[in-house]
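Each value in this text was obtained by applying a stated rule to the coordinates, not by laboratory testing. Because the structure is a prediction, the values reported are computed rather than measured. Heads up, the Cβs are rebuilt from the backbone with ideal geometry, glycines too, and the neighbour counts pull from every protein chain shown.
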Ligand code: ZN
């Protein structure tokens, strides 16, 4: 079964994460297919707006950690840095900068790597049951690879969710400006598509330049430089895990999973 589905209707490209049986956990293969879908939508002149959504109960449970690590004796910090530079940092930044408006539709859990899929989108529509969290401090690392936290939540809220690992609700996320709208779960797809069709009526060059104006303002404020340097800070977490356990995360990962299940 394809891990990513892609269709175009009414000038809207709809990209669906399609691993509902594992809450859309992200394999390398899924991320490569997702990147290809974003690039396809960017290149298609018939596409004016891009919607990113997830099949099933949850938007995404984050990276599928079973998928990504080679044997312990083969893992080096250089390997981790190279792998994460491409699939996490480079992909998320590319999606953020695609010159067409994008909208994420988020339901259920959006955990850690899940944030790296919805934060690069221009707008976020959340179902009432959506919950956003980055609990990777439990794994000994100071947050996911793409540091949207401070920009999306403000400094204090960013620190709180990192320090505690707790999830914020859709309503809280709306209050701090991280999501645009909170809607009943049953209406999530309809509201998102209505919004996408509405935006798709605008002139594509004007949309492109409106997006560029906002993103460029954030970049002038330091977004791009901060995301690059925090990626390297993230790697010191991996370096520490390697030096402590000789292998990243496995024991911490089990603790984190137990904690998430208990929530
Ligand atoms: Zn990492």
Counting every Cα pair in region 24-102, what percent are over 22 Å apart? 33 percent
Highest-first arrangement of 121-132, 73-84, where packing means the average Cβ count within 10 Å: 121-132, 73-84
Run the quick spin-label model on residue 220 and residue 73: label points 7 Å from Cα toward the beta carbon, then report their separation in nm to one decimal. 5.5 nm
Quick calc of log₁₀ I(q)/I(0), region 77-157, Debye, one scatterer on every Cα, no solvent, q values 0.17, 0.22 1/Å, result -0.74, -1.17
Please arrange 119, 151 by counting, for each residue, the other beta carbons lying within 10 Å of its beta carbon, fewest first. 151, 119
With Cα atoms, 0 to 90° folded angle of helix 223-245 axis to the chain main axis: 30 degrees
Need the full-extension length gain, residue 205 to residue 240, defined as separation in residues times 0.36 nm minus the C-alpha distance. One decimal, nm. 8.0 nm
For residue 46 and residue 187, extending 7 Å from Cα along the Cα-Cβ vector and measuring point to point gives, in nm, a value of 3.1 nm
Ratio Rg/Rh [Cα only; Rh per Kirkwood] for region 1-153: 0.96
Angle between the Cα long axis of helix 188-200 and the longest principal axis of the chain, 0 to 90 degrees, nearest 10? 60 degrees
Relative contact order for the chain using alpha-carbon pairs under 8 Å, separation at least 6, rounded to a whole percent? 19 percent
Can you work out D for region 108-246 in µm² s⁻¹ from Stokes-Einstein, where Rh is the Kirkwood radius over C-alpha pairs, the temperature is 10 °C and the viscosity is 1.306 mPa s? 96 µm²/s
Only helices counted: for the chain, with every DSSP H run of 4 or more residues adding -39500 (n - 2.57) and the sum spread over all residues, [θ] at 222 nm is -14500 deg cm²/dmol
For the chain, find the longest principal axis of its Cα atoms and tell me its angle to the long axis of helix 250-262, 0 to 90°, nearest 10. 50 degrees
Length gained when the stretch residue 180-residue 7 is fully extended (0.36 nm per residue, less Cα-Cα span): 59.9 nm
Can you compute log10 of I(q)/I(0) for the chain with the Debye formula, treating each Cα as one identical point scatterer, at q = 0.10, 0.12, 0.15 Å⁻¹? -0.47, -0.69, -1.11
For region 138-185, take the convex hull of the Cα atoms, compute a quarter of its surface area, and give me that in nm², please. 3.9 nm²
Arrange 40, 19 by Cβ neighbour counts within 10 Å, fewest through most, would you? 40, 19
